[in-house]
Structure formats: C-alpha cells, structure tokens
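To keep things clear, I will list the structure first and then write my remarks on it.
Readers should treat all values here as calculations from the given coordinates under stated rules, not as data from a laboratory. Here the structure is a predicted model, which means the values were calculated and not measured. FYI the Cβ positions are ideal-geometry reconstructions off the backbone, even for glycines, and counts take in every protein chain you see.
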Amino acid sequence: MVDSIQRILIIKPSSMGDIIHGLLVAEAIQAQLPNVSIDWVVRREFAELVDAASVIDQTFIFERTGGIRGFVRLMRAIRAQGYDVVIDLQGLARTGILSRAARAPRKLGRSDARECAWLGYTESTPALPEKVPTHAVKILSAFLPMLGLEDVLPASIRFQAPMTRALLPELVTGSKRVVVFPESRRAEKNWMGYESLTRWLLQQPTVGQVVWCGHMPFEAAEPIENARLVNLTGQTGIAQLPELLQAADCVVSNDSGPMHLAAALGRPLVTLFGPTAPERFGPYPPAVERQCVIRPANGDMSSITLAEVGAAVSTLLEG
C-alpha cells in the first residue's frame, strides 16, 4: 500500500510556525517515499517559504480575503488534480471542505479537528492523550503511521537558495554573528529587553555582528552608533529567512515562526517564552546542547532578565 502512494496534497494554510512543523512531516514522508510528489495549500503571505522548501513540488494559494469566489477557484484547482492521499494538518471547516473537494481515495485529518472538519475525512489520527501535553509537531507526525511510515522526523528542513539574497556584511575572521528576532504575533509574547541585549552584545569582543530581523521596522529608543549592528527589520522577505538563519552563530527569539524555523534548521537558539508552554510549542527537535529555553515561573516576559539571556547566548557562542 505504501508503494502505491505517488501524489500527496497537504493542506496547511497558516501559521508560520505550524507550516514549519508541517514541512518537517513532509520531509519525513519523502525520506521514506523518495519518489512521492507533495503539493501544499498555503496562504499567500507564507507561500514563498513553502515554495522554497525542496520537498514541495507545487503550491495552491489560499486567498484569505478572496471571498466565496476565491475559495471556489481554489477548490476547482485542487479538484483538477488527482491525489492518492490528502492530509489536512489544519483541521478547520475551510480545510475540511477542501479535503472533501479533492479527488483522492484517502483523506486524512486530525482527531482534534474543529468546526465539523472531520466531515471531509475518510480517516482521522488517534485521539490525543488526556492531561498530557503533546508537542505540536508530534500531533502532526501522527499522520506518518497512517501512511504506513515510521514516526521518525528529520533533523532539518531543506530549502533552495532565494532569488533575492540577504544583504549581510562580511564577518571579521573569528568573530560571531547573533541574529535577533524581537517580534511575535501577540504582545504578551514579546520580550522588551532586546535593545539592552543588543548594546550588551556589541560590547562582547567575540560578537562581530548583531543582526536585527523582523517584519516591523526597529528603532532604538537611543540611537546605537555601531557598524556591527545590522538592522534588517522591515527589509527582508520570508523567503530569505532560511539563508539569514543559516548564517547565524546564535539566534535569539520570542516564541514565533522564525524561532521554529531556526530550530528546524538546527541553529543554536535562545528562545524566550512567557504565556505559552514550551512543552507544547517549544523548539523542535529539542536539542539541549544547542538550545536554551527561558521561561519564568510566572509566565511574565518582563521577569526575564538581561543577565540570564546574555549568559545563555554566551554559552552557545562558546560551544
């Protein structure tokens, strides 16, 4: 039965962190089925990242603001294809409808699907254990045994080089580059100490560059006059993130999409958590030797100190 799987459609329109988790599953599928072709349904703002993933052959754009007409066009485009398996990693009404619309004998969905999405499936993953936190990646990897595959995830995701390269100045020989992502979608997940951390890092003799990345432009409360600060916030696209992260000797980030991408690329990572639980939403794969997760007992990001973040960065840079 496994050998008969030639074409798979994965439906995971958003968000960035969840898409990264799904790409790990796609990599695991292709590692065990080298000749399989995998297509993906994704929202436009994340499409460049999915397109850049070496494991994905074709993307279909889910237009969030496209209305009924846009949704019908998407259903027709999917239905024009033929698949052996459809996998709905999202588990919401709209993705359940897309699953039902696709031409495939097997349509797999999540056991925790909402909004009656299960009506679009022929099979669902096993029920999640009660009162035991399950990491978001392991929830998705439950699809692998349903395909007759081993539940073994890869160490990283493969990406093609972007059409537009990131503009990073050369490093002084022997120095290190720290890449910082200070944003998260929710304000309560943001740490407010990144400017102080940047000033501290620029005082360290081994740090050759501190690179700020993110969607929103960053301006320090007090200007930082230092050529070793490379401020790329608001100047890079999502397709350039893998290249930027691969160039980092250490990444510092809140609980965010770039944090999940850094972990999936195997980068040394210091990640700061507050209201969300690392047991469920932390970096994956967990690797103690190259990761440090900082979360105060009270879940308040303002309780995280510069001293503990700085110490964690120093440890990883020395490793």
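Among 21, 135, 260, rank each residue by its count of other Cβ atoms within 10 Å, from fewest to most, as a rough exposure measure.
Sorted ascending by nearby Cβ count, the order is 135, 21, 260.
Calculate the length of the line joining the C-alpha centroid of region 241-305 to that of region 18-75, in whole Å.
Each part reduced to its Cα centre gives a spacing of 24 Å.
Using the Cα centre of the chain as the reference point, and only Cβ charges (+1 on K/R, -1 on D/E), how large is the resulting charge dipole? Debye, rounded to the nearest 20.
That gives the chain a dipole magnitude of about 1020 debye.
Rank-order 229-235, 308-314 by packing density, defined as the average count of other C-beta atoms within 10 Å over each peptide's residues, highest first.
Going by the mean number of other Cβ atoms within 10 Å, highest first, we get 308-314, 229-235.
For a quick check, take a GNM of the chain with Cα springs below 10 Å and name the residue from 44, 73, 280 with the largest mean-square fluctuation.
Among 44, 73, 280, the largest mean-square fluctuation in the Gaussian network model of the chain belongs to 73.
Mind checking the dipole of region 2-146: about its Cα centre, +1 per Lys or Arg Cβ, -1 per Asp or Glu Cβ, Debye to the nearest 20?
In total the dipole reaches around 580 debye.
Please give me, ordered by residue number, the trypsin sites (Lys or Arg not before Pro) of region 108-139 that lie in loop per DSSP and have at most 12 other Cβ atoms within 10 Å.
Taking region 108-139 and a limit of 12 other Cβ atoms within 10 Å, the loop trypsin sites (Lys or Arg not before Pro) found are 114, 131.
Run the helix sum for the chain: -39,500 (n - 2.57) per DSSP H stretch of 4+ residues, divided by residue count, reported at 222 nm to the nearest 500 deg cm²/dmol.
Dividing the helical sum by the residues of the chain leaves -8500 deg cm²/dmol.
What helices does the chain have that are whole DSSP H segments, at least 20 Å long along their own axis by Cα, and with mean Kyte-Doolittle hydropathy of 0.0 or more?
Helix filter hits for the chain: 16-32.
If I take every Cα pair under 8 Å that is 6 or more residues apart in region 189-319, average their sequence separation and divide by the length, what percent do I get for the relative contact order?
24
Taking residue 12 as the anchor, which lysines have their alpha carbon closer than 27 Å to its alpha carbon, excluding any fewer than eight residues away along the same chain?
Excluding near neighbours in sequence, the set is 107, 131, 138, 189.
Taking R0 as 25 Å, what's the FRET efficiency between residue 277 and residue 215 from their Cβ-Cβ distance, rounded to 0.05?
0.50
Given all pairs of different Cα atoms, what value in angstroms does the Kirkwood hydrodynamic radius of the chain take?
20.7
Please identify every one of the GluC sites (Glu not before Pro) in region 122-173 that sits in a loop by DSSP and has no more than 16 other beta carbons within 10 Å of its own beta carbon.
Those satisfying the criteria are 130, 150, 170.
Taking the dipole about the Cα centre of region 125-230, with the C-beta of Lys and Arg at +1 and of Asp and Glu at -1, give me whichever of 161, 205, 230 is farthest to the positive side.
161
To make sure I understand the rule: partners must be aspartates and glutamates, Cα under 14 Å from the Cα of residue 176, and not fewer than 8 residues away in the same chain. Which ones qualify?
Counting by Cα, and skipping residues close in sequence, residue 176 has these aspartates and glutamates nearby: 249, 318.
Given charges of +1 on the Cβ of Lys and Arg and -1 on the Cβ of Asp and Glu, with all other atoms neutral, how large is the dipole of region 176-318 about its Cα centre, in debye to the nearest 20?
That gives region 176-318 a dipole magnitude of about 260 debye.
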